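Heads up, the thing below is written out as structure tokens.
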Amino acid sequence: MSSDDLERLQRWEDNGAQWQVVSLRPNSATISLLRCDAGEEVERFTTSDPRVLERCREHRD
């Protein structure tokens, strides 16, 4: 994905929705974007953006 992945994730959070790390590897992460009401998955994407990877590591702890 593009370098806009961190902004995409931040916008998702800013709008009150949640996200979940589906898979975290040393050089990539797959993230599930969830609805804010029922937690249903809306979208899933994979990124190799190091800033997002760090965010995922923090999010899982």
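Coordinate-derived values only; no laboratory data. Quantities reported herein were computed from a predicted structural model and do not represent experimental measurements.
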Calculate, in nm to one decimal, what Gln10 and Glu40 gain on full extension: separation in residues at 0.36 nm each, minus their alpha carbon distance.
9.0 nm
Give the relative contact order (percent, whole number) for the chain; include only Cα pairs under 8 Å separated by 6+ residues.
33
Per the rule of 0.36 nm per residue minus the C-alpha distance, extending Leu24 to His59 adds in nm 11.5 nm
With N residues in the chain, Rg(alpha-carbon) / (2.2 N^0.38 Å) equals 1.02
